[in-house]
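Some notes on the structure that comes next.
The values are calculated or read from the model by the stated rules, or taken from the named source; none is laboratory data. The model shown is predicted, which means the values in this text are computed figures rather than measured ones. Virtual Cβ from ideal backbone geometry, glycine too; neighbours counted across all protein chains shown. Surface areas here come from the heavy atoms of the whole protein model, side chains and all, with no ligands, DNA or RNA. Shrake-Rupley method; radii C 1.70, N 1.55, O 1.52, S 1.80 Å.
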There are 2 protein chains.
Amino acid sequence: MAVFLSTFANKVDRKGRVSVPASFRSVLERQASSGLILYPSFKHPCIDGCGDERIQEMVDSIDRLDAFSEEAEDLQTILADARQLTIDGDGRVMMPKDLLDYAGISDTIMFVGLGKSFQLWEPDAYAAHRDEKRKRARDRGITLPMAGRGSDK
Amino acid sequence: MAVFLSTFANKVDRKGRVSVPASFRSVLERQASSGLILYPSFKHPCIDGCGDERIQEMVDSIDRLDAFSEEAEDLQTILADARQLTIDGDGRVMMPKDLLDYAGISDTIMFVGLGKSFQLWEPDAYAAHRDEKRKRARDRGITLPMAGRGSDK
DNA sequence: TGGGATATAATGGGATATCATGGGAAAAAC
DNA sequence: GTTTTTCCCATGATATCCCATTATATCCCA
């Protein structure tokens with residue numbers, strides 16, 4: 001599997017560990033990711049996550065902006081707040097407390113696949129967020145502008 | 001065969017497994033699909049399905065949008081709700097319970113070929129849906145402009 | 001063109017492997 | 001020396017693999 005797909009609800013144990021969903025692990029391994037990178041979302045009360053590949057792309061993208069622009073500075077805060085977690089032999093990571101607090105997570109984490117990246121949510125918050133997004137998508141009339149096809153025009 | 005055609009009714013066994021129709025499997029294999037992707041339909045009480053190829057295109061398309069745009073977020077909900085199922089040695093997949101619930105499926109699934117994709121329906125719901133669609137097509141007088149021909153202009 | 005023989009398909013069930021999770025002990029940090 | 005982290009093993013649930021059975025479709029040859 002090459003992309004982060006689907007959602008998974010896993011438990012945070014008393015030591016602060018969580019199992020990374022097996023399918024997410026296989027995506028990360030394929031990226032030769034030495035682990036997994038998390039940072040607080042600046043749009044939502046959740047945690048954004050990805051592998052090394054994606055972070056590298058983000059760094060390159062930011063680098064392409066004007067060096068001292070406000071935009072570049074804002075985006076650089078993502079890098080400053082990011083954490084690199086190593087996955088242990090059982091497929092788990094230690095969740096930093098401040099990130100859990102930021103997302104309002106207590107004992108269960110929703111892993112949400114978004115293709116090239118993923119998010120971690122508190123289950124109820126995610127349910128609300130998902131409903132809102134789906135509703136908006138439906139109201140607008142969702143269309144998939146597919147790459148590499150005539151309809152893409 | 002290169003496209004998903006015809007309809008097939010297969011049983012969901014007590015373990016939640018279903019045989020993917022052999023002709024659908026051969027289409028997926030031709031795509032080098034390691035499996036099959038399912039997600040709840042936006043428009044109907046049924047499950048949409050396709051191969052890896054199509055999802056990969058979708059991910060690439062979304063990736064081309066601005067990383068934190070609303071449009072990208074709406075489209076990502078599809079990825080979050082999608083499931084990748086692997087086809088076992090006997091040509092079967094494990095159906096996730098929530099998808100079965102969404103489509104109201106209990107013990108029999110209708111596989112409906114739609115060319116480049118397909119749908120899974122509860123048999124009675126599909127019969128009703130099919131009648132309605134056929135009736136509408138007849139009332140309107142259906143026409144099909146074929147691609148790649150003079151008439152296409 | 002029959003009509004039996006041989007694939008292919010769908011389905012069922014038991015054995016095995018994988019995954020998520022919990023807890024203890026060793027190692028490292030403070 | 002106490003706390004925190006890392007490593008290792010145990011467990012239950014669930015998915016996966018493997019084999020058997022049946023039905024249908026395809027093939028082959030008289």
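Things to note:
- Charges were assigned to the Cβ only: +1 to each Lys and Arg, -1 to each Asp and Glu. The resulting dipole of the protein assembly as shown about its Cα centre is roughly 1780 debye.
- Shown for region B:7-140: the carbon plus sulfur share of the solvent-accessible area, taken with all protein chains present and a 1.4 angstrom probe, equals 46%.
- For the protein assembly as shown, with +1 on Lys and Arg beta carbons and -1 on Asp and Glu, the positive-most of A:Ser34, B:Leu38, A:Gln119 along the dipole: B:Leu38
- List of region A:1-17 residues, accessible area with partners at least 30 Å² below that of the chain alone (1.4 Å probe): A:Met1, A:Val3, A:Leu5, A:Ser6
- The charge dipole of region B:78-153, taken about the Cα centre with unit charges on the Cβ atoms of Lys, Arg (+1) and Asp, Glu (-1), comes to about 680 debye, rounded to the nearest 20.
- For region A:42-112 versus region B:60-113, the inter-centroid distance based on Cα atoms is 26 Å.
- Cα-only Debye scattering, chain A: base-10 log of I(q)/I(0) at q = 0.08, 0.12, 0.15 Å⁻¹: -0.26, -0.58, -0.89
- Signed unit charges on C-beta, dipole axis of region B:7-140, positive-most listed residue B:Gln76, B:Ala137, B:Cys50: B:Ala137
- For the segment B:31-44, counting C-beta atoms of other chains within 10 Å of every residue's C-beta and taking the mean gives 1.
- Integer Hz, Karplus 6.51/-1.76/1.60 couplings in order for region A:74-90, x for Gly and Pro: 4, 5, 5, 5, 4, 5, 5, 8, 6, 10, 9, 10, 9, 8, 7, x, 9
- Here the Karplus curve 6.51 cos²θ - 1.76 cosθ + 1.60, taken at θ = phi - 60°, turns the phi angles of region A:28-36 into couplings of 5, 4, 4, 7, 6, 6, 6, x, 8 Hz, with x standing for Gly and Pro.
- The A and B chains share an interface that buries close to 3000 Å² of accessible area, total over both sides, probe 1.4 Å.
- Probe 1.4 Å, protein heavy atoms only - accessible area per residue of region A:41-95 in square angstrom: 63
- Residue mean of other protein chain beta carbons inside 10 Å, B:82-90: 2
- Nearby lysines by direct alpha-carbon distance to A:Lys133 (threshold 27 angstrom, same-chain neighbours under 8 apart not counted): A:Lys11, A:Lys43, A:Lys116, A:Lys153, B:Lys43, B:Lys97, B:Lys116
- For chain B, modelled as a GNM whose springs connect Cα atoms under 10 angstrom apart, the maximal fluctuation among B:Ala22, B:Ala82, B:Ala128 occurs at B:Ala128.
- Test item: Cα-centred dipole of region B:7-140, Lys/Arg +1 and Asp/Glu -1 on Cβ, debye: 900
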